[in-house]
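All remarks here apply to the structure that follows.
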Amino acid sequence: MSLVGMSCQVRALLAVGFGALLAVSAVFAQQRAEPEAPGGGSAKEAVRASNHMAAAANPLAAEAGREILRQGGSAVDAAIAIQMMLTLVEPQSSGIGGGAFLVHYDASTKEIMTYDGRETAPAAATPEMFLDVDGKPMPFAEASVGGLAVGTPGALRMLALAHNDHGRLPWARLFEPAMRLADDGFPVSLRLYQLIADAPQLKEFAATRAYFFDADGNPREVGSRLRNEELFETLRTIANAGADPFYRGAIARDIVAAAQTTGARPGLLALEDLLLYRAVKRTPVCGEYRSYRVCGMGPPSSGGVTVLQTLGILDHYDLKSLKNNPPEAIHLVSEALRLAFADRNRYLADADFIHVPVRGLLNRNYLAERARVLSPQTSMGRAQPGRPPERAGWRLDPGSGVDWTREIPATSHISVVDAAGNAVAMTTSIENAFGSRVFVRGFLLNNQLTDFAFRPRDGDLLVANRVEPGKRPRSSMSPTIVVDKDDRLVMTLGSPGGARIIPYVVQTLINVIDWGYDMQRAVNAPHFLTLGGALELERGTRLVELTPALQAKGHDVTIAPHTSGIQGIYVDRRRDSVTYVGGADPRREGVAVGD
């Protein structure tokens, strides 16, 4: 079944109510084919539309975005509706208890602006908060579950700020799709069921046990109706009064109480942290790649800079000619990633707290110098950080925080283009799957503080991404917008996947720009990547056959599953017509829908 036919089926199901909605999980379970292997067929077909398009990680969320677009809503309006629906139907990945980064393209001014809704560390946080009594970093599983890991949620404040700038429909209307389904109930999907079953810690706390499990202690069955009356009331309050009730008053008090009392280690979040939280508009980081300008989120995200560094290094090589030479292409891309990740780990953190040499890291001469380090014949192994111009952080240590070699089955990405041609790329997260497992008012709180380095110093060297009060932890989220030489929109895309987000986005851009894939084929393509160590090839794809050739170049090759959730929209301009081509990752349950 094509995605076009599938989206029509979903619309019909939505129209006839919950009884038909029970079939959604089965419909989408059938689409979970293996990702495309080289020379094989696509697991999904591209979706095309001429008016507007929304791509999200859950079909009900994508349909909520289209509902708003059909009412004349802006790209930001649709993104808000999608986020509210994801809070309900994809609670393991994102929600109003977490944070987000949003990149916005304004078709009338051709301006790109980024919105920072990243969580902040509480005022009571200390650099040593994730060290045990012996001064050693806590195990991640111990640090991430319960109130200690909860940062001040920023997604709602950020969405309100973006809506003030670019919203077209009334704020309250954007909550209606999620409120309807929270009240009526939604069918538990196969993916949600599997993740609940894989998260036994959800049973440790009364609130998550009652919501995610039945009376016998089993995960809610696939297709069973899950209502969320508490979330309905929370969303109704925010819809009627704006974001303020989330940050002050009864909801805020409940958030703080839950964070401070859930888990073995009390949380540090206080009412004042919520009251003082501010979302921030920031200038995007942009760089040239081939004939395009690629723009993303700057610090506290490492995503935009690291994507641009990788592309800036690869701009010195003819990847187009290597389309049919996978070992050579994979080698070059992975070596560029090694260099970019080495710089990321040393220099990137919250620029409100340390000097981050962004201009130096993206300096074309510096990237040309880094490109010369790369050998076309042999892997360099683990790369060393460079010495970019304007560096002030060269005395910093890379540090260690969450085990960023792990892929966390959380986070979500939203891509939208509205009828006026405005676009949003928004990556949103509560960090680990089901966040801190702290459940309050119908939603989960994040555990984003574990994105900080657990050890604040190494000998005499401070770690850039150490915990500090009010600081935003470094992120890998990489919402990306691409424009052409005339500043016309070309793409909006992004992915979940922990630190693997960065190579997922890089590879998708290469697939489209260098190798001419349509957006869906670019998303389907099997993954190869490195975060600085081993070279990973996606399990179950034909890339595995390239292992000997890559080992001959000195790569330590591992075979691993990849559950990226890339959502992207490409603008196909031909003469006087514009077609939006959407892609949704077959590795998860997302779809692209458009009119």
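Among the residues of the range 236-282, those that are open to solvent by 30 Å² or more (accessible area, probe 1.4 Å) and in contact with a strand residue (DSSP E or B) (Cβ under 7 Å, 6 or more places away or on another chain) comprise Asp254, Val280, Lys281, Arg282. None of Leu169, Leu174, Leu159 is touching a Leu at 6+ places or on another chain (Cβ under 8 Å), in contact (Cβ under 8 Å) with a residue 12 or more places away in the chain and of a type in the set (A, V, I, L, M, F, W, C) except Leu159. Residues that are in a loop (DSSP other than H, G, I, E, B) and more than 23 Å from Asn345 (Cβ to Cβ) were ranked within the range 471-488; the one that is most open to solvent (accessible area, probe 1.4 Å) is Lys485. Restricting attention to the range 123-140, the residues being aliphatic (A, V, I, L, M), open to solvent by 30 Å² or more (accessible area, probe 1.4 Å) and either in contact (Cβ under 8 Å) with a residue 12 or more places away in the chain or touching a Cys at 6+ places or on another chain (Cβ under 9 Å) (or both) number 3.
All conditions but one from (1) buried (at least 21 other Cβ atoms within 10 Å of the Cβ); (2) modelled with pLDDT under 95; (3) out of contact with any helix residue (DSSP H, G or I) (no Cβ under 8 Å at 6 or more places or on another chain) apply to Arg338; the one that does not is (2). The residue of the range 186-208 that is modelled with the highest pLDDT, among those that are of a type in the set (A, V, I, L, M) and not in a helix (DSSP H, G or I), is Val188. Between Val89, Val150, Val103, the distinction of being in contact with a Cys (Cβ under 7 Å, 6 or more places away or on another chain) and not aromatic (Phe, Trp, Tyr) belongs to Val103 only. For the range 173-185, does any single residue satisfy the condition of being outside any helix (DSSP H, G or I) and buried (at least 23 other Cβ atoms within 10 Å of the Cβ)? For the range 173-185, residues outside any helix (DSSP H, G or I) and buried (at least 23 other Cβ atoms within 10 Å of the Cβ): absent. Restricting the first member to the range 528-550 and to residues that are under 15 Å from Pro561 (Cβ atoms), and the second to residues that are of a type in the set (S, T, N, Q), the beta-carbon pairs closer than 6 Å and six or more apart or on different chains are Ala534/Thr558; Glu536/Thr558. Taking the range 138-161 as the range and being more than 18 Å from Val280 (Cα to Cα), outside any helix (DSSP H, G or I) and touching a helix residue (DSSP H, G or I) at 6+ places or on another chain (Cβ under 8 Å) as the test, the residues that pass are Val145, Val150.
Within the range 285-306, not a single residue is over 21 Å from Ser478 (Cβ atoms), part of a loop (DSSP other than H, G, I, E, B), touching a helix residue (DSSP H, G or I) at 6+ places or on another chain (Cβ under 7 Å) and open to solvent by 10 Å² or more (accessible area, probe 1.4 Å).
Taking the criterion of being polar (S, T, N, Q) and in contact (Cβ under 8 Å) with a residue 40 or more places away in the chain, the residues of the range 551-592 that qualify are Thr563, Ser564, Gln567, Ser577, Thr579.
Of Leu489, Leu462, all but one fail to be at pLDDT below 95, farther than 16 Å from Ala584 by Cβ and of a type in the set (A, V, I, L, M, F, W, C); the exception is Leu462. Candidates are the residues of the range 181-229 that are acidic (Asp, Glu) and over 26 Å from the mean Cα position of the chain (by Cα); the one that is nearest to Ser436 (Cα to Cα) is Glu204. Assess whether Ala349 counts as being open to solvent by less than 30 Å² (accessible area, probe 1.4 Å), out of contact with any helix residue (DSSP H, G or I) (no Cβ under 8 Å at 6 or more places or on another chain) and not hydroxyl-bearing (Ser, Thr, Tyr). So Ala349 fits the description; yes. Of the helices (runs of 4 or more DSSP H) lying entirely inside the range 20-134, the ones with 3 or more residues being of a type outside the set (S, T, N, Q) and modelled with pLDDT under 95 are found at 24-29. Evaluation of Asn432 against the conditions (1) open to solvent by less than 10 Å² (accessible area, probe 1.4 Å); (2) in a loop (DSSP other than H, G, I, E, B); (3) polar (S, T, N, Q) shows that the sole unmet condition is (1).
Considering Tyr570, Tyr580, the condition of being touching a Gly at 6+ places or on another chain (Cβ under 9 Å), farther than 13 Å from Val523 by Cβ and assigned to a strand (DSSP E or B) is satisfied by Tyr580 alone.
Does Thr547 fit the bill of being within 18 Å of the chain's Cα centre (by Cα) and surrounded by fewer than 21 Cβ atoms within 10 Å (Cβ to Cβ)?
No: the conditions fail for Thr547.
Whenever a residue of the range 100-122 is closer than 22 Å to Val483 by Cβ, its partners that are open to solvent by less than 30 Å² (accessible area, probe 1.4 Å) and of a type in the set (Asp, Glu), lying with C-beta atoms within less than 7 angstrom and at least six residues away or across chains, give the pairs Phe101/Asp116.
The values are calculated or read from the model by the stated rules, or taken from the named source; none is laboratory data. Given the structure is predicted, the values throughout are model-derived calculations rather than measurements. We place every Cβ from the backbone using ideal geometry, glycine too, and count neighbours over all the protein chains shown. Surface accessibility is based on the protein's heavy atoms, side chains included, excluding ligands, DNA and RNA. Shrake-Rupley method; radii C 1.70, N 1.55, O 1.52, S 1.80 Å.
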